[in-house]
């Protein structure tokens, strides 16, 4: 797989984790976890870094 595509996939996964955690807090769902926020931010930063390297 191309590094640029891998970066985009990692960034999309990171945004998905952040949105899921945010919706969990907004709608008061039972599944709230700060690890999702940290993991989402890590995926976004690594993904964007990988896209910019190419």
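The values are calculated or read from the model by the stated rules, or taken from the named source; none is laboratory data. Treat the numbers as computed from the prediction; the structure is a model and nothing was measured. Every residue, glycine as well, gets a Cβ built from its backbone with ideal geometry; the counts of neighbours run over all protein chains shown.
Annotation note: Cβ proximity below 8 Å between a residue of segment 30-54 that is under 19 Å from residue 7 (Cβ atoms) and a residue that is outside any helix (DSSP H, G or I) and at pLDDT 90 or above (sequence gap 6+ or interchain) occurs for 54/2. Has segment 7-24 got at least one residue that is surrounded by 11 or more Cβ atoms within 10 Å (Cβ to Cβ), in contact (Cβ under 8 Å) with a residue 12 or more places away in the chain and not in a helix (DSSP H, G or I)? Looking through segment 7-24, none of the residues is surrounded by 11 or more Cβ atoms within 10 Å (Cβ to Cβ), in contact (Cβ under 8 Å) with a residue 12 or more places away in the chain and not in a helix (DSSP H, G or I).
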